[in-house]
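Reading through the structure tokens given below for one structure.
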């Protein structure tokens, strides 16, 4: 009996330890910075990693409900998580034609950050500036807090606050911390771009990412 | 003892006859159940092969969808690039 127990203990010690890519997505690690991936985030992250949906490009998952962004390299290794600011209005769709409107013409209910899977790439915007377009058609980009943002909006304070409840303030764009943008996002996305998966506010996850259902079923998950 | 002998014989006969009837009954029941099991097994095999075929088709469709999606992404990026060069440049929704 003792020999059997010793053998089992030996096996336990030599059992494979999860690779950093897997371990990185675990809640414990995210909890260190106060941001924990939701069940939906974990589900989408697992699906992307298993299906290779990111087509060997880096990717980010944006959890609107948690107002947080999780960044991964092309191989699915987690690189970081930060709080984000998103559209002030709750909703998962963009109003048709919103991409051609001036900021002043956009109504309060139209200021949504649309949910979905986007191939984000750097491109030109007004004023000869280069921005990371998440969805060019609806004018949604990912960038740091713009210097011209109204002081009344208190964007920086909202980003630093521990609660995600006050992180809805933009016209639809996704604002990330400046250091994270320049040190993590830009180097990773500036060459070939990458995928941005924006999780929904109200729609079912499967409605926004239909392949989630198919791939899960095919891999025997359902 | 001589008076008991016929009774014992009758009892033994009854028991043995009863035993035969029970065996037949059981055989009949087993045969019925066995036929049902065979039929169910055949159905299960058919269902299993249908499911496997459906799974293979779903897998192929999923791969095709992934390829289409990636092609669409590339086309979208090209269209966006052309639009950025041709049209008046957009302002992000900050």
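Among the residues of segment A:150-172, write down those that are on the phi < 0 side of the Ramachandran plot, surrounded by fewer than 19 Cβ atoms within 10 Å (Cβ to Cβ) and not in a helix (DSSP H, G or I).
Residues satisfying the conditions are A:150, A:161, A:162, A:163.
Do we find that residue A:118 is in a strand (DSSP E or B), modelled with pLDDT of 95 or more and closer than 20 Å to residue B:94 by Cβ in this structure?
yes
Of all the residues that make up segment A:179-204, how many are surrounded by 14 or more Cβ atoms within 10 Å (Cβ to Cβ) and either in contact with a helix residue (DSSP H, G or I) (Cβ under 8 Å, 6 or more places away or on another chain) or not in a loop (DSSP other than H, G, I, E, B) (or both)?
15
Given the conditions (1) at the interface with chain B (Cβ under 10 Å from one of its Cβ atoms); (2) more than 17 Å from the chain's Cα centre (by Cα); (3) not in a helix (DSSP H, G or I), report the number of the one that residue A:134 does not fulfil.
(2)
Which ones in segment A:46-81 are surrounded by 18 or more Cβ atoms within 10 Å (Cβ to Cβ) and part of a loop (DSSP other than H, G, I, E, B)?
Scanning segment A:46-81 gives A:53, A:54, A:57, A:58, A:64, A:66, A:67, A:76.
Do you know which residues across segment A:106-128 are within 23 Å of residue A:58 (Cβ to Cβ) and facing chain B (nearest Cβ under 9 Å)?
A:113, A:117, A:118, A:119, A:121, A:123, A:124, A:125
State whether the residues of segment A:92-113 include one that is at pLDDT 95 or above, at negative phi, in contact with a strand residue (DSSP E or B) (Cβ under 8 Å, 6 or more places away or on another chain) and in a strand (DSSP E or B).
No: segment A:92-113 contains no residue that is at pLDDT 95 or above, at negative phi, in contact with a strand residue (DSSP E or B) (Cβ under 8 Å, 6 or more places away or on another chain) and in a strand (DSSP E or B).
The values are calculated or read from the model by the stated rules, or taken from the named source; none is laboratory data. Since this is a predicted model, take the numbers as computed values, not measurements. All Cβ positions, even for glycine, are placed from backbone atoms using ideal geometry, and neighbour counts span all protein chains on display.
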